[in-house]
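Enquirer: Right, I'll just put the structure down here and ask away after.
The values are calculated or read from the model by the stated rules, or taken from the named source; none is laboratory data. As the structure is a computational prediction, the values presented were derived from the model and not from experiment. Because the Cβ atoms are built from the backbone with ideal geometry, glycine has one as well, and the counts that use them run over all protein chains shown.
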Amino acid sequence: MPIDESRSFLPVNIAVLTVSDTRDLASDRSGDTLAARIEAAGHRLADRAIVRDDAADIEAYLRRWIADLKVDCVITTGGTGITGRDVTPEAFARVLEKEITGFGELFRMLSYQKIGTSTIQSRAIGGVSGGTYLFALPGSTGAVKDAWDDILVHQLDSRFRPCNLVELMPRLLEHLRAA
């Protein structure tokens, strides 16, 4: 899909949350991969944290960043599988106003091309809350690369045509103004 070079690039402020019971900043390869790609694309890393696989703790981070006017988008990595400790989608369900169902569908379609039917184990999800975009990615570095390189880098680029998520940002809170 084309980038319209006549349009201005608008950097997005993105927070990264790694969900893991075993990782710290020194061993967080997926978080490092995502942060590097965000900055290489010209966006700002607004914040970064690691939280254990606990829905209440994940929800608290999401709500904190949704309320922070300096954060436009939150991307999580980890906790999207189907084991007992994987609760990121449940935390997202507690905060989402609108789900972007196409994100998870497209992620799994692209993932299928690389890992086959194993992609059914991914519960990657996207949505919006409080004018902030939220995306939950699996914890593998491969999945992070796929989601960023094949979907998010384009949709978070204001020059991407025919449309992108950045151009919708000023309208994400319209429902509050109408009330």
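Enquirer: Could you tell me which of the residues Val87, Val74 is under 21 Å from Phe103 (Cβ atoms) and out of contact with any strand residue (DSSP E or B) (no Cβ under 7 Å at 6 or more places or on another chain)? Break it down stepwise before answering.
Expert: Numbers: Val74 fails: out of contact with any strand residue (DSSP E or B) (no Cβ under 7 Å at 6 or more places or on another chain).
Of the residues listed, the single one that is under 21 Å from Phe103 (Cβ atoms) and out of contact with any strand residue (DSSP E or B) (no Cβ under 7 Å at 6 or more places or on another chain) is Val87.
Enquirer: Separate question: Inside segment 125-179, can you point out the residues that are outside any helix (DSSP H, G or I) and acidic (Asp, Glu)? Even if it seems obvious, please write down each step before you answer.
Expert: Applying the first criterion (outside any helix (DSSP H, G or I)) to segment 125-179 yields 125-140, 156-165, 172-173, 179.
Hit for segment 125-179 is Asp157, nothing else.
Enquirer: Could you give every pair whose Cβ atoms fall below 7 Å, whose first residue belongs to segment 20-45 and is within 16 Å of Val144 (Cα to Cα), and whose second residue is among the acidic types (Asp, Glu) and part of a loop (DSSP other than H, G, I, E, B), counting only separations of at least 6 or pairs across chains?
Expert: Pairs that qualify, where the first residue is within 16 Å of Val144 (Cα to Cα) and the partner is among the acidic types (Asp, Glu) and part of a loop (DSSP other than H, G, I, E, B), are Ser20/Asp53.
Enquirer: Of all residues in segment 4-49, which are among the aliphatic types (A, V, I, L, M), surrounded by 14 or more Cβ atoms within 10 Å (Cβ to Cβ) and over 20 Å from Arg123 (Cβ atoms)?
Expert: Quick first cut of segment 4-49, residues among the aliphatic types (A, V, I, L, M) only: 10, 12, 14-17, 19, 25-26, 34-36, 38, 40-41, 45-46, 49.
Narrowing further to those that are surrounded by 14 or more Cβ atoms within 10 Å (Cβ to Cβ): 10, 12, 14-17, 19, 34-35, 38, 41, 45-46, 49.
Correct list: Leu10, Val12, Ile14, Ala15, Ala35, Ile38, Ala41, Leu45, Ala46, Ala49.
Enquirer: Among the residues of segment 56-66, are any in contact with an Asp or Glu (Cβ under 8 Å, 6 or more places away or on another chain), in contact (Cβ under 8 Å) with a residue 60 or more places away in the chain and buried (at least 17 other Cβ atoms within 10 Å of the Cβ)? It would help to see each step written out before you state the result.
Expert: Quick first cut of segment 56-66, residues in contact with an Asp or Glu (Cβ under 8 Å, 6 or more places away or on another chain) only: 65.
This time we only want the ones that are in contact (Cβ under 8 Å) with a residue 60 or more places away in the chain, so: 65.
Next cut, buried (at least 17 other Cβ atoms within 10 Å of the Cβ) only: 65.
Looking for residues that are in contact with an Asp or Glu (Cβ under 8 Å, 6 or more places away or on another chain), in contact (Cβ under 8 Å) with a residue 60 or more places away in the chain and buried (at least 17 other Cβ atoms within 10 Å of the Cβ), one finds at least one in segment 56-66, hence yes.
Enquirer: Restricting to segment 22-60, name every residue that is touching a strand residue (DSSP E or B) at 6+ places or on another chain (Cβ under 8 Å), under 30 Å from Arg159 (Cα atoms) and not in a loop (DSSP other than H, G, I, E, B).
Expert: Residues satisfying the conditions are Ser30, Gly31, Leu34, Ala35, Ile38, Glu39, Arg44, Leu45, Ala46, Asp47, Arg48, Ala49.
Enquirer: Residues of segment 78-93 being among the charged types (D, E, K, R) and assigned to a loop (DSSP other than H, G, I, E, B), which ones? Outline the logic, then answer.
Expert: Taking segment 78-93 and keeping what is among the charged types (D, E, K, R), we get 85-86, 90.
Correct list: Arg85, Asp86.
Enquirer: Within segment 76-96, which residues are surrounded by 17 or more Cβ atoms within 10 Å (Cβ to Cβ) and within 13 Å of Ser129 (Cα to Cα)?
Expert: The answer is Ala91, Phe92, Val95, Leu96.
Enquirer: Please state which one of Val71, Val16 is part of a loop (DSSP other than H, G, I, E, B) and modelled with pLDDT of 95 or more. Outline the logic, then answer.
Expert: Numbers: Val16 fails: part of a loop (DSSP other than H, G, I, E, B).
After ruling out the rest, the residue left standing is Val71.
Enquirer: Hey, can you tell me all the residues within segment 116-142 that are aliphatic (A, V, I, L, M) and surrounded by fewer than 16 Cβ atoms within 10 Å (Cβ to Cβ)?
Expert: In the first step, residues of segment 116-142 are kept if they are aliphatic (A, V, I, L, M); the result is 120, 124-125, 128, 134, 136-137.
Passing the criteria: only Ile120.
Enquirer: On the basis of being at positive phi, out of contact with any Leu (no Cβ under 9 Å at 6 or more places or on another chain) and surrounded by 13 or more Cβ atoms within 10 Å (Cβ to Cβ), does Gly104 make the cut? Break it down stepwise before answering.
Expert: Details: at positive phi: no; out of contact with any Leu (no Cβ under 9 Å at 6 or more places or on another chain): yes; surrounded by 13 or more Cβ atoms within 10 Å (Cβ to Cβ): yes.
It is false that Gly104 is at positive phi, out of contact with any Leu (no Cβ under 9 Å at 6 or more places or on another chain) and surrounded by 13 or more Cβ atoms within 10 Å (Cβ to Cβ).
Enquirer: Could you please find all residues in segment 48-62 being in contact with a Lys or Arg (Cβ under 9 Å, 6 or more places away or on another chain) and within 14 Å of Leu134 (Cα to Cα)?
Expert: Ile58, Glu59, Leu62 - these are the residues of segment 48-62 that are in contact with a Lys or Arg (Cβ under 9 Å, 6 or more places away or on another chain) and within 14 Å of Leu134 (Cα to Cα).
Enquirer: For segment 143-179, which positions are under 17 Å from Phe9 (Cβ atoms), basic (Lys, Arg) and surrounded by fewer than 16 Cβ atoms within 10 Å (Cβ to Cβ)?
Expert: Correct list: Arg161 only.
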